[in-house]
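A short worksheet on the structure shown next.
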Amino acid sequence: MVKYESEHLDRTFAALADPTRRRMLEQLTRGDLCVTDLAKPHEMSLPAVSKHLGVLEKAGLIGRERFGRVHSLHLNAEPMKQAQAWIESYRRHWEESFDRLDDYLNQLQSEHEQHDRSEPG
């Protein structure tokens with residue numbers, strides 16, 4: 001299995017757990033935005049938006065550049081790529097386990113059918 005630093009994954013998943021933060025990330029997929037433009041679709045105060053942005057920044061999911069008083073935010077997909085790779089390693093593990101279980105069950109079924117045919121009836 002792929003090993004990742006737990007703290008980074010914890011931050012990423014914690015940040016992605018909130019629907020408002022996921023919507024903010026989705027907004028940033030269309031390009032960089034200033035804080036006020038990012039806040040517009042959300043019915044919350046700017047301090048509440050700033051708290052959400054702080055969580056996203058701490059997780060490394062967004063970056064910020066400052067141009068005078070304007071803060072421009074951009075998406076950083078690297079933490080999501082790492083989370084996806086972590087999930088993928090488990091998906092592969094479980095698919096392989098289920099494939100082996102399926103093979104075993106098919107073998108048992110085949111043996112059972114052979115046994116039924118060989119009994120006098």
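The values are calculated or read from the model by the stated rules, or taken from the named source; none is laboratory data. What you are looking at is a predicted structure, and each value in this text was computed from that prediction instead of being measured. Cβ atoms come from the backbone with ideal geometry, glycine included; neighbour counts cover every protein chain shown.
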Under 8 Å between Cβ atoms, at least 6 apart or on separate chains: pull out the pairs that start in the range 86-113 with a residue that is under 30 Å from Arg11 (Cα atoms) and end on any residue that is hydroxyl-bearing (Ser, Thr, Tyr) and at pLDDT below 85. Trp86/Tyr4
Qualifying positions in the range 21-40 - in a helix (DSSP H, G or I) and loosely packed, with under 15 Cβ neighbours inside 10 Å: Arg22, Arg23, Glu26, Thr36, Asp37
Could you tell me which of the residues Glu7, Glu43 is at negative phi, surrounded by fewer than 18 Cβ atoms within 10 Å (Cβ to Cβ) and not in a helix (DSSP H, G or I)? Glu43
Taking the condition of being over 26 Å from Ala83 (Cα atoms) and either touching a residue at least 24 places away in the same chain (Cβ under 8 Å) or in contact with a strand residue (DSSP E or B) (Cβ under 8 Å, 6 or more places away or on another chain) (or both), how many residues in the range 36-64 meet it? 1
If we scan the range 106-120, do we find a residue that is surrounded by fewer than 13 Cβ atoms within 10 Å (Cβ to Cβ), part of a helix (DSSP H, G or I) and within 23 Å of the chain's Cα centre (by Cα)? no
Please give the number of the condition Trp86 fails out of (1) within 14 Å of the chain's Cα centre (by Cα); (2) not in a helix (DSSP H, G or I). (2)
